[in-house]
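Below is one structure; the comments refer to it alone.
Rule-based calculations on the coordinates, nothing more; no lab input. Just so it is clear, the structure is predicted and the values come from calculations on it, not from any experiment. Cβ sites come from the backbone with ideal geometry, for glycine too, and all protein chains shown count toward neighbours.
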Amino acid sequence: MIRLFVGLGNPGPEYEATRHNAGFWWVDALAGKLGARLAHERGYQALVARVNGHAGDGGPVWLLEPMTFMNRSGVSVAALARFYKIAPDDILVVHDELDLVPGQAKLKRGGSAAGHNGLKDIQGLLGTPDFWRLRLGIGHPGVKSEVVSWVLKKPSPADRDAIDEAIARSLAALPLLLAGQMDRATTAVHSPPPRPKPPRPAAPSATPGDAASPPSDDGGHR
C-alpha cells in the first residue's frame, strides 16, 4: 500500500506554474482531497503533511513536496522514508513525463530514471529504483536541445487543462493506492477518459402548414 506520496517540482513562485512542477500540482490536489495542510519541515527540507487513518491498515500516510530543487529531491524522500521506516514499494513519486502527451497518466513500479533528475536522485539515495511512479504527460518540444526550456515554461491553457484532467482522473484511484491494490489502480489510471456523450438531436421545428387546423363548426362538412 502507498504510505508516502511525493510530488516533484521546483520551489519558488517563478516555477509554480511550469511543466516541471506537475508533481506538486498532483500532491496539492491530493492534500485538498484529504483535507490536509502541507507545512514546511526543516528536518526534511520539504513541505510535509501527515494524514492519520488513511493507509490500508488504518495507519497514517505522508504527503511530501521536496524544497531542495528537482535534482536533489532524494534528500527529502530518503530522510522521511528512513525515519518512518517506509519501504520503497510503499512510495509513490508523481512527476512530469516528456514521453506522454498532456492528458495522459501512467502508473508503474521501478524502471530507469529516463533522464529525469528528480527520479535519478531519489534512486541514488534510496539505493533502489523499486518505488512506484505516476507519470503525468507534459508532451515533448520535439527537439532534445529545447527540453530544459520546455519543462521550465508554463504549458498552454489547453495543455494545462488536459494535465489537470489527468490529475483528477488519477486521483480517483486513490482508494486503490491506499489499499495496495496496485493492479487495479494501474488499470484505473490507464483507462482512457470517458468520451463525451454526443449532443441530443434537436427536435424538428414546426413549419407553417404543419400545425393542426382548428376544428370547424360546420359538423365536419365543407
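Simple point charges give the picture: +1 on the Cβ of Lys and Arg, -1 on the Cβ of Asp and Glu, and for the chain a dipole about the Cα centre of about 560 debye. Just add up the charged neighbours of GLY139: K/R +1, D/E -1, any other residue whose Cβ is under 12 Å from the Cβ of GLY139. Combined, the nearby Lys, Arg, Asp and Glu give -2.
Sites count as exposed loop sites when they are GluC sites (Glu not before Pro), lie in a DSSP loop, and have at most 15 other Cβ atoms within 10 angstrom; the longest stretch of the chain without one is 17-222. Helix-only estimate, please: 222 nm mean residue ellipticity of the chain, summing -39500 (n - 2.57) across DSSP H runs of length 4 or more and dividing by its residues, to the nearest 500. Mean residue ellipticity, 222 nm, calculated: -9000 deg cm²/dmol. What does the charge count around PHE5 come to, taking other residues whose C-beta lies under 12 Å from its C-beta (Lys +1, Arg +1, Asp -1, Glu -1)? With Lys, Arg at +1 and Asp, Glu at -1, the net is +1. Taking the convex hull of the alpha carbon positions in the range 77-116 and averaging its projected area over all directions gives 3.5 nm². Rounded to the nearest 0.05, the FRET efficiency derived from the C-beta distance between GLU14 and ASP57 at R0 = 45 Å is 0.65. Between the range 114-183 and the range 19-87, the alpha-carbon centres lie 15 Å apart. Once both labels are positioned 7 Å from their Cα atoms along Cα-to-Cβ, the gap between LYS144 and ALA168 label points is 3.8 nm.
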